[in-house]
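The values are calculated or read from the model by the stated rules, or taken from the named source; none is laboratory data. These numbers come from a predicted model, not from an experiment. For neighbour counting, all protein chains shown are included, and Cβ atoms are generated from backbone atoms with ideal geometry for every residue, glycine included.
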Amino acid sequence: MAVLQLLLPERCAVCERPGPALCEPCRDGLVRLSPPVCERCGSPGAWPVRRCAECSGRRLAFARARSAIVYDGQARALVRSWKEHGRRGLAAQAAELVAEAVAPPEVDVLVHVPGDPERALERGDVPPRALAAALAELWELPATDLLRRTRPRERQRGLSLAERRRNVRGSVAATGEAPRRVCLVDDVYTSGATADACASGLRRAGARHVEVISLARAVR
């Protein structure tokens with residue numbers, strides 16, 4: 001292992017300089033999400049609101065969503081290195097960022113957004129699962145694999161908001177009965193379409209309250 005580290009020294013996932021997986025300057029440079037935010041979907045704004053322009057008028061299966069950082073250029077580099085370059089150790093870094101920004105949810109269990117089976121084989125991991133496991137350890141909560149994909153779906157990247165919602169609608173189902181209070185864990189919250197599809201699957205399986213927590217959130 002020591003020889004491998006000499007030949008291939010670890011680099012920061014954001015700036016790619018040799019050193020920790022997430023160096024201190026890059027960690028400090030990640031934009032934290034803090035109040036005021038929309039009470040329902042967590043979108044930041046000038047003042048707290050119960051429903052913002054992004055989620056007003058939408059029927060969402062989850063009660064609220066919260067994220068730790070803004071999904072900007074630096075956050076994209078972090079997530080890309082984690083998801084596409086197989087750097088599994090970044091799950092612990094992501095969990096620490098979430099735990100610093102979001103209070104532990106009052107739920108019975110953490111459930112991760114299920115990964116696409118083909119991509120999971122390519123990557124060898126499902127980042128939301130790793131994040132849920134790391135958060136479960138920090139928060140002393142159980143985590144379980146309770147959701148599965150019912151069909152393949154197109155990649156969400158490049159789709160409009162309406163196309164994203166159609167793409168994931170009905171694409172997720174629970175594998176068993178869900179506890180009453182569930183926290184759904186994902187790496188990135190973009191349109192809320194995936195979170196809503198997963199929360200719908202959990203609600204159909206018996207959940208009465210679903211919260212969503214993610215590392216990063218797209219801000220429009």
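Somewhere in the range 179-190, is a residue at pLDDT 95 or above, in contact with an Asp or Glu (Cβ under 6 Å, 6 or more places away or on another chain) and surrounded by fewer than 19 Cβ atoms within 10 Å (Cβ to Cβ)? The answer is yes; a qualifying residue exists. Looking only at the range 27-36, decide whether some residue is modelled with pLDDT under 95 and under 29 Å from His209 (Cβ atoms). The answer is yes, given that some residue of the range 27-36 is modelled with pLDDT under 95 and under 29 Å from His209 (Cβ atoms). The set of residues from the range 166-192 being of a type in the set (Val, Ile, Thr), farther than 11 Å from Ala205 by Cβ and part of a loop (DSSP other than H, G, I, E, B) comprises just one member, Thr190. For the range 30-38, the count of residues that are loosely packed, with under 13 Cβ neighbours inside 10 Å, without any contact (Cβ under 8 Å) to a residue 40 or more places away in the chain, in a loop (DSSP other than H, G, I, E, B) and not hydrophobic (A, V, I, L, M, F, W, C) is nonzero. The lone criterion from (1) at pLDDT 95 or above; (2) assigned to a loop (DSSP other than H, G, I, E, B); (3) not acidic (Asp, Glu) left unmet by Gln156 is number (1).
Exactly one residue out of Ala195, Ala216 is in contact (Cβ under 8 Å) with a residue 12 or more places away in the chain, part of a helix (DSSP H, G or I) and within 18 Å of Cys55 (Cα to Cα), and it is Ala195.
For the range 55-75, the criterion of a residue being without any contact (Cβ under 8 Å) to a residue 40 or more places away in the chain, under 15 Å from Cys12 (Cβ atoms) and surrounded by fewer than 20 Cβ atoms within 10 Å (Cβ to Cβ) is satisfied by at least one position. Taking every residue in the range 39-52 that is of a type in the set (Lys, Arg) and pairing it with any residue that is not in a loop (DSSP other than H, G, I, E, B), at least 6 positions away or on another chain, the pairs with Cβ-Cβ distances below 9 Å are Arg40/Val49; Arg40/Arg64; Arg40/Ala65; Arg50/Cys38; Arg51/Cys38.
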